[in-house]
Amino acid sequence: MAPQPYDDRDGLIWLDGALVPWRGATMHVLSHGLHYASAVFEGERAYNGAIFKLGEHSRRLQSSARMLGFELPLSVDDLDRACDDVCRANGIRDGYVRPIAWRGSEMMAVSAQQTRIHLAIAAWSWGAYFGDKSSQGIRMKTSTWRRPHPDTAPVLAKASGLYMICTMSKHDVERQGYDDALMLDWRGQVAEATGANIFLVMDDGRLHTPIPDCFLDGITRRTVIDLAQARGIEVVERPIWPEDFGRTREVFLTGTAAEITPVRAIDDWQFSPGALTWALVDDYRSITGQQLATAAATGS
Ligand code: PMP
């Protein structure tokens, strides 16, 4: 059965200061954000009625907007409240929250200094980002597109325009039967997936992850680094090259949507999701108040 389209659902969406009926939360086709990607957004998850790391997401939305040269119409505290209100109004206890801000229709050309900044927040129930694959491990293929140089795009913003190459990359590898694309950066170093950061458990037993100097330093990435260090695992942030996969035992992705997703193959490299990955999956489930993977497996 085809999934229910996102513009045709019951519920309420917060739009420019008010909760409006879901199907009526529309914007004009001559919105600058649509034509020129002057838009920034967030992806948040609620667990047991509370949005995980909400303050960090709201602050990132504000800083993404500033990187694109505009101010949000709400303070970070008011944004936090509005996100909570949307979850409550829709009865979402476990789900995904999507705030988005964009330039409006007052000007329609590259220059858009006088446009009004719009803000919408929607929330919906949502399962695992990679579905059943989330527990088995996904298969990835390296994209022909690369994350851009920091001089060529606002690479640290969660900006809509930066997702154009992610969608193209993901479509390309999906057509070849893979679950996600691995994005290298402009230097050819390993960067991230199309919507998540990447970690490697290498033969030295340490956890390695690329330095986020041209892609998002994910909130989940930072959380997982803390969780690993709390377990006494050494985390190495360094330039990682594709050849490093030859000395790697386990690979996983981290992201608000992806949570911690094991990876079982990248191109011709094979990995076995192992003890360290599952330990961190359980730690992450524990701090987000979910049932532990090991408990779920044994039915306890
Ligand atoms: N990289 C990209 C391109 C993403 O879209 C995301 C998801 N927001 C991440 C990394 C992970 O970020 P976070 O852990 O903050 O969700």
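No value in this document is a laboratory result; all are computed from the given coordinates. Because the structure is predicted, anything quoted here is derived from the model rather than measured. When we count neighbours, we look across all protein chains shown, and the Cβ atoms used for this are built from the backbone with ideal geometry, even at glycine.
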Which percentage, to the nearest 5, of the DSSP beta bridges contained in segment 133-291 is antiparallel?
60
Projected label distance in nm at Tyr163 and Gln4, using a 7 Å step from Cα toward the beta-carbon
2.0
Is it possible to state the helix-based mean residue ellipticity at 222 nm for the chain, with each DSSP H run of 4+ residues giving -39500 (n - 2.57), the sum divided by total residues, to the nearest 500 deg cm²/dmol? What is it?
-8000 deg cm²/dmol
Work out, step by step, the length gained on full extension between Arg206 and His28: first 0.36 nm times the residue separation, then minus their alpha carbon distance; give nm to one decimal.
59.0 nm
What percent do you get for the relative contact order of the chain when only Cα pairs under 8 Å and 6+ apart count?
16
In segment 78-134, chymotrypsin sites (Phe, Trp or Tyr not before Pro) in a DSSP loop with at most 16 other beta-carbon atoms within 10 Å:
Trp126
Where in segment 1-60 are there chymotrypsin sites (Phe, Trp or Tyr not before Pro) that are in a DSSP coil and have at most 15 other Cβ atoms within 10 angstrom of their Cβ?
Tyr6
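At a Förster radius of 35 Å, what calculated FRET efficiency corresponds to the Cβ-Cβ distance of Trp269 and Gln113, to the nearest 0.05?
Calculated transfer efficiency: 0.15.
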Neighbour cut-off at most 10 other Cβ (10 Å), DSSP loop, trypsin sites (Lys or Arg not before Pro), segment 1-100:
none
Quick one: check the C-alpha center-to-center distance for segment 194-218 versus segment 235-273, whole angstrom.
8
Under the Kirkwood approximation for Rh and a Cα-based Rg, what ratio Rg/Rh is obtained for segment 133-205?
0.99
Student exercise: in the chain, how many lysine pairs 8 or more apart or on different chains have Cα atoms under 24 Å apart?
6
Angstrom value of the Kirkwood radius, inverse mean 1/r, which spans all Cα pairs in the chain:
20.2
Between beta-carbons, use under 13 Å as the cut-off and find the net charge around Cys87, counting Lys and Arg +1, Asp and Glu -1.
0
Å³ per residue enclosed by the Cα convex hull of segment 133-291:
105
Descending Cα extents along the principal axes, segment 38-130, whole Å:
43, 26, 24
Taking 8 Å as the Cα distance limit and 6 or more residues as the minimum spacing, I'd like the relative contact order of segment 196-259 as a percentage.
52
The answer for the longest stretch of the chain without any exposed GluC sites (Glu not before Pro) (DSSP loop, at most 13 further Cβ atoms within 10 Å) is 107-233
